[in-house]
Structures are given as structure tokens and as C-alpha cells.
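Scroll down for the structure; my scribbles are underneath it.
Just so it is clear, none of the values below were taken in a lab; they were calculated from the coordinates. Since this is a predicted model, take the numbers as computed values, not measurements. As a convention, Cβ positions derive from the backbone with ideal geometry for all residues, glycine included, and neighbour counts pool all protein chains shown.
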Amino acid sequence: LVLSRRALEAPIDTTLFADILYSMHEFDRLVDRLLSGVITTLTDVDGLTGLLNRTAMERDLEKELAHFQRSGRPFTVAMIDADLFKRVNDEFGHGFGDVVLETLADRFVESLRPRDRVYRYGGEEFLVLLPETPLESALPVLERLRRRASERTISDGSQAVRQSVSIGAAEIGREESVEVVVARSDQALYRAKQAGRDRVELDHGS
């Protein structure tokens, strides 16, 4: 490849260069998750965060329910919400809001055990599946995730925030469906937000 002197001396488009580097980073992250088995097909992937999406979540929850019915070993579902996220979008813009969600997704993956799964539920909400894990055993895992979410600021190089999360969790009951345990974890999440946010609330059922 021969380049003219004029081409070599031409100014570099720094914006384009930054976009290329970002795309390479996102591709590397996606490949890492494919190789680790966290995701098995690109149709399972949320386009923004690289996490498993809601389609994969629904399939995995039904599989885990069937396993629970055979083995008797319960699982826990946790709903996560980025606290006051609308303020982030309003103050810093949706582009920076996307950076916050991407960073939270990475921190969630780093905080969980290898067998756990985290999904983009929608908007600023996420769902965590903790297989063969009763509610009380899930608590220290979820507390670690909550702490790590906000222990460091999130920055795009020009602005930064410290983003906390609220978490609600519920253990599957013997006669419950997937929809019921997800609804109970969502109710626990609501209580966590009402109680001041940046906390984990457990739903122990009836």
C-alpha cells in the first residue's frame, strides 16, 4: 500500500478515530461473552449493553423452573433498577445515559458468580437469575453487586456520575410460575425504591 505525502500529512478525524476504537471495544466485549458461554447466539444479545436480552431471559427462566420442579432446588430472581436514571438522561443527555447503562452491565457481570445470569429487562431495569440459590444465599451476592455498581464513578471523559441501584429479590415457590416470582421481585424492588433506594429488599412470600 503506497500513500501519497498529502495523504500522510492530512489531519486525522479524531471523532471518526474515537468511533472506531469504541466499536472495536464493543466487538471485543461481545466476543469475550460468546467464548465464555454467557451468550450462545447473537439473537440473545441486547444491542446496547451486550447482555442477554428478554427473549433469552424468558427461555432461561422456564428452563430453570423445570429444573427446580425436578430437583427441588430453588432459584432466586432479582430485579435491578438504576436509581433516578431519568435525571442522568435529562442532565447529561441520552448518549451519556447509554454509557452509564453499559458500565453498569459490565459491573453486574463482574460481580456475579459464573453460573448466574444477568439480562437487560428494559430501559434502566435488569433481571438477575441465580440458579439453585435460595433467597438468603442470594443476599450476599446481590449486596456485592449493589456496592460495586456505585463504588466508582462512571465517566465518558468529560462528565461523571456515581450511579446507585435498587434491587428486589424473590425465591421461586413450589406452586409458582415464572411470571409470579418475577412479579414478586418487582414488588420488592418497588419497596427498595420507596425505602430510599440503593438497597436490597427481599420478598419472602406468604
Cβ-based exposure ranking for 43, 49, in which fewest neighbours within 10 Å come first: 43, 49
Just want the ordering: 184, 162, from fewest to most Cβ atoms lying within 10 Å of their own Cβ. 162, 184
Fewest-first ranking of 48, 145, 84, 112, using other Cβ atoms within 10 Å as the exposure measure: 48, 84, 112, 145
Take region 150-206, compute every pairwise Cα distance, and split them into 5 Å bins from 0; I just need the percent in each bin. 5, 20, 20, 15, 12, 11, 8, 5, 3, 1, 0
Determine Rg/Rh for region 51-203; Rg is computed over alpha-carbon atoms and Rh is the Kirkwood hydrodynamic estimate from the same atoms. 0.98
Efficiency by 1/(1 + (r/R0)^6): what FRET value for residue 73 and residue 197, r their Cβ-Cβ distance, R0 = 30 Å, to the nearest 0.05? 0.40
